[in-house]
Structure formats: C-alpha cells, structure tokens
Amino acid sequence: MNSQLKKRLDEAENIVFFGGAGVSTESNIPDFRSSDGLYQQQKYPYPAEVMLSSDFFYEHTKAFYDFYFHEMIYPQALPNAAHCALAALEKQGKLRAVITQNIDGLHQAAGSKEVLELHGSVHRNRCLRCHHFLDLKGMMDHRDDQGIPRCPICGSLMKPEVVLYGEGLDMRVMQKAIDFISHCDALIIGGTSLVVYPAAGLIRYFHGKSLILINRDHTSMDDQADLTLHEPIAQVLAPWAQE
C-alpha cells in the first residue's frame, strides 16, 4: 500500500474519481491511444476514429457494427481491483462519485452506485424509430443477417447510447460531474491520458486539497498533481479493494 496515497485518502472526507480507458485495461479491455491500443490497429479500411463517428454509423451501418461488436464489446470482462476498490470506498462513505469516460459498465458491475458515464454505455441501446430499449444481450440477440441490430418491436435500426465522434456529450451528466468535482476535497484521476476534451477540462473545476494522478504513462497534468503515481491503477488501488 502506498503510504502517501493512504494518508491522503484517510484525511479526505469527499473523494471523487475521474477515470478513463486505463482503468479497464487490466480487465483485458484494450485502451485507445497506447502503442497497442485500438487507434493503432490497421486491420480495418478506415481509422478507428472514423468508424466510431456518427456520420459513419449512418452511412456505413454494417461496417460500423462489424467494428463495434469485434472491438468495443467485451461481454466476458469482469471488474478488476481498481473497480472494486472504488466501490469499497463509496460503501465506506468516502467516495461520492465515479466519473468515467468508459462505456463498459464495469464500475456498476463492481458495486459502484453513483457512476457518471460521460460517453454513455454499451448496455443502453434505443430504437431510432420507436425508442424501444435493449440491453447489451438484447442487442446481440436481435441482429439481422448482416449483423445489424434491429428493434424487436418495429424492426428499425438500433443505436447504442454511446457518444460517437461528432456527437455532443449529455450536458446534464457534465453539469453533475462539475458539481461533484467542484465540491470534493480529493480528486483521483486514473487511467486517462487527459487528452480527450471536453472531459479532460473537468479538472479545472477542482479546488480541493489533494489532486492525485494514477496513470501508467506521463500526462500533461503530472506537474500539477499533489501526488503522481506512474503504475497500473489496479495494482495501486488493490489494497483498498480488500477493506
């Protein structure tokens, strides 16, 4: 257990966690920007950023879902020690909210209750015509012969409630995230390169005592943090998962 981190978390009464793809890599879900991440793959005819755009979804729906189901969906993934530690801290009354850029639902699977999903979730899907809801299993079970999910009620196209490139974030979720960050006394930033805006800009609303940065690689915010740990986040937080 890192003694400096323990001291800061023991002293804190209102902790907020803000995390990204690095939180789930130890659950065997690839990240985006590392050397072996999703954006470095060259097995598709278009870059990942293009295939995950709103325009591409509507113009090349089959190709979008080929990519989506092969590269974005990990139904067998389980929460790791980082997810479990955050859920334990919330249960103790120390951590008030998890703000995540991830869409995999692993924070909820670990037991976290107050989870703000900035980029949506693969577990929420809606019909574009009648707005019928399907969970992830429903999406996978209602694919046509081209692999495109269709509404079991009206047969229209289903769309994941994830934020694609070219789409705006849900400002209600953003405002709630701002409120949590602006009132916390300790902000833990974990598993994120802090290059995706507007999400990365949330940090400017923090005015508390301890800014803690846990990320395998260096970020532009390293010199502004009160404590910086360049280690895998599940490894750092594992002791709190046992408490």
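The values are calculated or read from the model by the stated rules, or taken from the named source; none is laboratory data. Just so it is clear, the structure is predicted and the values come from calculations on it, not from any experiment. Don't worry about glycine lacking a Cβ; one is built from the backbone with ideal geometry, like all the others, and counts go over all protein chains shown. Surface areas here come from the heavy atoms of the whole protein model, side chains and all, with no ligands, DNA or RNA. Shrake-Rupley method; radii C 1.70, N 1.55, O 1.52, S 1.80 Å.
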Item to complete: Pull up the range 107-155, narrow it to residues that are open to solvent by 10 Å² or more (accessible area, probe 1.4 Å) and either modelled with pLDDT under 95 or touching a Cys at 6+ places or on another chain (Cβ under 7 Å) (or both), then point me to the one that is farthest from Ala241 (Cα to Cα).
Response: Cys154
Fill in: Top-ranked residue of the range 82-101 - restricted to ones that are open to solvent by 30 Å² or more (accessible area, probe 1.4 Å) and part of a helix (DSSP H, G or I), ranked as nearest to Lys137 (Cα to Cα)
Cys84
Discussion item. Return the residues of the range 211-243 that are touching a residue at least 60 places away in the same chain (Cβ under 8 Å), among the aliphatic types (A, V, I, L, M) and in a loop (DSSP other than H, G, I, E, B); say none if nothing qualifies.
Written reply: none
Discussion item. Every residue in the range 201-243 that is open to solvent by less than 50 Å² (accessible area, probe 1.4 Å), more than 15 Å from Ala82 (Cα to Cα) and within 18 Å of the chain's Cα centre (by Cα), please.
Written reply: Gly201, Leu202, Ile203, Thr219
Worksheet entry | Leu9 in a helix (DSSP H, G or I) and either within 14 Å of the chain's Cα centre (by Cα) or crowded, with 16+ Cβ neighbours inside 10 Å (or both) | yes
Worksheet item: Which condition number does Ala82 fail, the rest of (1) more than 24 Å from Ala200 (Cα to Cα); (2) in contact with a helix residue (DSSP H, G or I) (Cβ under 7 Å, 6 or more places away or on another chain) being met?
Response: (1)
Worksheet item: Name the residues in the range 75-91 that are farther than 29 Å from Asp10 by Cβ and modelled with pLDDT of 95 or more, would you?
Response: Ala77
Discussion item. Checking the structure you have, find out if any residue of the range 159-172 is more than 16 Å from the chain's Cα centre (by Cα), in a strand (DSSP E or B) and crowded, with 17+ Cβ neighbours inside 10 Å.
Written reply: yes
Worksheet item: Taking the range 136-158 as the region of interest, how many residues are of a type in the set (D, E, K, R) and assigned to a loop (DSSP other than H, G, I, E, B)?
Response: 2
